[in-house]
Amino acid sequence: MSGTIRDPSLPAWAGELMTGPIDRRNFMEGALATGLTAAAASALWSKTATAAPKKGGTLRVVMADGATSDSWDPAVTNTRYMIHMNHVNRNMLTEINSENTLAPELATSWEASDDAVTWSFELQQGVEFHGGKPFGSEDVVATMNYHRNPDTGSAVASLLAQIDDIKADGPNRVTITLKSGNADLPYLMTDYHLCILPSDGEGKVIINPDGTGAYMVEAHEPGVRTKLKRNPNFFKENTAYFDEAVFTSVSDATSRQTALSSNDIDIIDEVDLKTVDLLGRMDGVEIDQAESASYASLPMRMDQPPFDNHDVRMALKYAMDREEWIRKIRRGHATIGNDHPVGPVMPFYAADIEQRAYDPDKAKFHLKQAGLSSLKVDFHAADAPFAGGVDAAVLYKEAAKKAGIEINVIREPNDGYWSNVWNTKPFCLAQWGARPTPDMILSLVYASDATWNESAFKDGHFDKLLVEARAELDQAKRAELYREMQIIIRDDCGVIVPFFKSYVYARRSNVEHGPSLTGTWPLDGYKALERWWFT
């Protein structure tokens with residue numbers, strides 16, 4: 001099973017061959033300098049050279065979700081299938097690279113004023129959209145303004161509300177002026193909604209599959225299948241090794257894994273953890289894993305009864321056996337959650353906050369405080385948020401019985417779950433992809449005016465802390481502010497966060513990748529088509 005290091009038998013410098021060019025002479029010199037014999041160095045060269053990237057072939061990808069309502073409009077993207085598309089055929093200004101650090105993408109560099117209010121981004125030159133239009137500053141400005149427009153209904157409108165002005169300073173430079181400082185602005189630009197769209201020349205964007213990304217769309221049936229081919233003019237060197245790719249949406253985990261084991265497909269983005277060990281023992285199959293800040297959530301709409309009652313929410317939190325979910329649903333491939341979205345792999349995670357545990361007696365106490373002797377609520381679930389979602393809901397139902405809480409599990413169809421159930425039903429199962437900083441996830445989901453405020457949480461003090469932390473350049477002070485916000489969400493917000501998942505996915509053994517994997521999304525941060533290759 002692969003984790004952060006792809007092949008621990010290779011020295012770090014040898015692994016460089018898998019992510020960048022190195023000739024045999026330099027390789028041999030490096031090997032001999034470590035004390036290897038010439039024969040051993042030559043053997044190691046053969047091993048690493050075999051793993052070196054090469055172009056060719058059609059990659060067959062199966063995704064665990066997708067919906068017939070899928071749209072190329074990034075403002076409303078909410079299925080992992082289309083999130084992957086936004087990483088494949090489009091680009092953002094910045095990205096999280098395979099070493100899990102911030103890196104340039106359509107921007108080449110950036111600089112900020114001392115108060116982090118004014119930011120300037122230098123842009124790539126010579127980049128073209130798939131349709132032939134040159135990429136430039138007008139596209140960046142139009143894209144950001146598209147999401148800022150309240151009529152667009154963009155999910156990241158709340159993130160961009162901090163922008164006071166954005167303008168093009170020539171064809172290859174953009175300046176963004178904020179209402180207050182934000183030390184994390186370049187990280188914000190990695191968000192998949194903010195893929196750069198082509199401008200129509202009059203300040204508006206064109207919504208279609210035309211992007212600057214590594215692959216161009218040849219055919220697309222929403223929620224079913226997409227065919228792509230390599231962009232011959234892609235601006236990144238030593239990337240995009242596959243000639244073509246075919247994406248298919250298959251919600252059934254058994255069908256996905258059967259297709260992989262029979263060599264009908266090459267990679268799947270989500271593995272059924274109940275059978276992952278069996279799958280990993282099959283010939284020609286490799287399992288990969290990457291820790292992440294992606295988390296499961298159970299949002300309760302605080303603007304609807306009975307979830308408008310603090311003690312009812314607390315009762316439902318104490319009725320959740322988080323460790324059982326990790327043990328039985330995630331098979332240990334997760335870290336425990338503490339009812340807030342800042343995970344252990346994120347900066348400013350407050351490890352000293354007391355971990356909430358399953359406690360039926362405390363749940364009963366809070367029910368009594370709410371004036372109730374028992375409680376019955378509907379809980380909507382599907383396997384769309386994550387494999388085993390319905391099974392997890394049943395476990396929650398059984399655990400809650402001991403607290404006098406009856407949870408009526410309503411199984412919803414996977415297709416259309418994100419448009420018909422999540423953020424619509426008062427109590428449901430959800431999952432959030434990893435964000436690189438607390439500000440991004442807190443602003444996107446927990447700010448009072450957040451478009452995706454799934455629990456209808458509104459707290460003026462929290463909003464004030466969020467703005468303060470965003471502008472604070474003293475890291476110790478930022479940590480204190482983010483700690484307080486984690487406590488507020490844990491104790492007051494209508495959300496249960498049972499775990500932070502590790503991404504577990506699988507590929508055929510003739511599909512290779514570099515020595516490390518990005519933890520923002522599955523399949524190397526959904527950059528597999530750009531970074532992986534056939535051996």
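Annotations for the structure displayed:
Here is a yes/no grid of residues against (1) more than 22 Å from the chain's Cα centre (by Cα); (2) within 30 Å of Arg256 (Cβ to Cβ):
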| position | (1), (2) |
| --- | --- |
| Tyr446 | no, no |
| Asp463 | yes, no |
| Glu480 | yes, no |
| Arg490 | no, no |
| Arg508 | yes, yes |
| His513 | no, yes |
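- Residue in the range 334-348 that is modelled with the highest pLDDT, counting only those that are in a loop (DSSP other than H, G, I, E, B) and surrounded by fewer than 19 Cβ atoms within 10 Å (Cβ to Cβ): Phe348
- Among residues of the range 248-262, those that are within 16 Å of Asp65 (Cα to Cα) and in contact with a Lys or Arg (Cβ under 8 Å, 6 or more places away or on another chain), counted: 3
- In summary, helices (runs of 4 or more DSSP H) completely within the range 216-328 and bearing 2 or more residues that are crowded, with 22+ Cβ neighbours inside 10 Å and assigned by TED's automatic domain parsing to the domain that holds Lys376 occur at 310-318.
- Annotation: of all residues in the range 96-119 being of a type in the set (Gly, Ala, Ser) and not in a strand (DSSP E or B), the one that is surrounded by the fewest Cβ atoms within 10 Å (Cβ to Cβ) is Ser113.
- Flag for Glu16 being assigned to a helix (DSSP H, G or I), at pLDDT below 55 and farther than 30 Å from Asp139 by Cα: yes
- Check on Leu367, buried (at least 18 other Cβ atoms within 10 Å of the Cβ), farther than 30 Å from Met63 by Cβ and touching a residue at least 60 places away in the same chain (Cβ under 8 Å): no
- Against the numbered list (1) buried (at least 18 other Cβ atoms within 10 Å of the Cβ); (2) of a type in the set (D, E, K, R); (3) modelled with pLDDT of 95 or more; (4) over 16 Å from Gly170 (Cα atoms), Arg80 comes up short only at (3).
- Unique match (being in a loop (DSSP other than H, G, I, E, B) and surrounded by 19 or more Cβ atoms within 10 Å (Cβ to Cβ)) among Ala393, Ala399, Ala351, Ala434: Ala434
- The range 174-195, residues that are among the aliphatic types (A, V, I, L, M) and more than 18 Å from the chain's Cα centre (by Cα): Val174, Ile176, Leu178, Ala183
- Search result, residues across the range 147-156 that are in a loop (DSSP other than H, G, I, E, B) and crowded, with 16+ Cβ neighbours inside 10 Å: Ser154, Ala155, Val156
- For beta carbons closer than 6 Å, sequence separation of 6+ or different chains, a first residue in the range 455-470 that is in the same structural domain as Lys317 (by TED's automatic domain parsing) and within 24 Å of Met300 (Cβ to Cβ) and a second that is surrounded by fewer than 18 Cβ atoms within 10 Å (Cβ to Cβ) and small (Gly, Ala, Ser), the qualifying pairs are Lys458/Ser448; Asp463/Ser448.
- Test: residue in the range 140-157 that is within 17 Å of Ala450 (Cα to Cα), without any contact (Cβ under 8 Å) to a residue 60 or more places away in the chain and charged (D, E, K, R): yes
- Residue in the range 205-215 that is nearest to Ala64 (Cα to Cα), counting only those that are part of a loop (DSSP other than H, G, I, E, B) and out of contact with any Lys or Arg (no Cβ under 8 Å at 6 or more places or on another chain): Pro209
- Residue in the range 349-377 that is farthest from the chain's Cα centre (by Cα), counting only those that are closer than 17 Å to Gly404 by Cα and of a type in the set (S, T, N, Q): Ser373
- Among residues of the range 473-502 that are closer than 16 Å to Thr335 by Cβ, those with a beta-carbon under 7 Å from a residue that is in a helix (DSSP H, G or I) at least six positions away or on a different chain give the pairs Ile496/Leu316; Ile496/Lys317; Pro498/Arg322; Pro498/Trp325; Phe499/Arg322; Phe499/Trp325; Phe499/Ile326.
- Members of the range 157-204 found to be of a type in the set (Val, Ile, Thr), outside any loop (DSSP other than H, G, I, E, B) and surrounded by 22 or more Cβ atoms within 10 Å (Cβ to Cβ), listed by number: Val174, Ile176
The values are calculated or read from the model by the stated rules, or taken from the named source; none is laboratory data. Everything numeric here is computed off the predicted structure, so don't read it as measured data. In this analysis, Cβ positions are derived from the backbone assuming ideal geometry, glycine residues included, and neighbour counts consider all displayed protein chains.
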